[in-house]
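Visitor: I have a structure I would like to understand better, so I am pasting it below and will then ask my questions one at a time.
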Amino acid sequence: MSELGPVGQEMRQRLQEALKPAHLEIIDDSHRHARHKHAGAHGKAGRERGETHFRVVVVSEAFAGKPLVQRHRMVNEALGDLLQERVHALVITARTPDEAA
């Protein structure tokens, strides 16, 4: 796993605080989209470093009893303005500890 830049680190902090995950993976896939026009420098924070495409795997008891759509909303809410201003694409895997076992 590669070291996360500032955007990935901010994502980690926010998800840890909001969801208290038993397991959290954040993968920066921006390098796989380097030729896309939105992956270059656009003057928005984080994008000049290519931090635009991420995958997250979150295992949290906070997801218990919640449908997939609500779990994704919880992740999106935790990340808030990062999704509006910095992150172009996010793939979410959200499971409870029982589902991850």
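Visitor: Could you check segment 66-98 and list, in sequence order, the residues that are in contact with a strand residue (DSSP E or B) (Cβ under 8 Å, 6 or more places away or on another chain) and outside any helix (DSSP H, G or I)?
Guide: Selection gives VAL87, HIS88, ALA89, LEU90, VAL91, ILE92, THR93, ALA94, ARG95, THR96.
Yes/no per residue for (1) charged (D, E, K, R); (2) modelled with pLDDT of 95 or more:
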position: MET11; (1), (2): no, yes
position: ALA34; (1), (2): no, no
position: THR52; (1), (2): no, no
position: ALA64; (1), (2): no, yes
position: GLU77; (1), (2): yes, yes
position: HIS88; (1), (2): no, no
position: ARG95; (1), (2): yes, yes
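Visitor: Hey, can you tell me all the residues within segment 10-25 that are of a type in the set (A, V, I, L, M), more than 12 Å from the chain's Cα centre (by Cα) and closer than 18 Å to ARG86 by Cβ?
Guide: ALA18
Visitor: Name the single residue that is nearest to the chain's Cα centre (by Cα) among those in segment 48-65 being closer than 15 Å to ALA100 by Cα and not in a strand (DSSP E or B).
Guide: Within segment 48-65, the match that is nearest to the chain's Cα centre (by Cα) is SER60.
Visitor: Oh, and also: Quick one: how many residues across segment 13-31 are surrounded by 16 or more Cβ atoms within 10 Å (Cβ to Cβ) and within 22 Å of GLN70 (Cβ to Cβ)?
Guide: Adding up the residues that qualify gives 7.
The values are calculated or read from the model by the stated rules, or taken from the named source; none is laboratory data. This one's a predicted model, so the numbers in the text were calculated from it and none came from an experiment. Ideal geometry is used to build each Cβ from the backbone, glycine not excepted, and the neighbour counts take in all protein chains shown.
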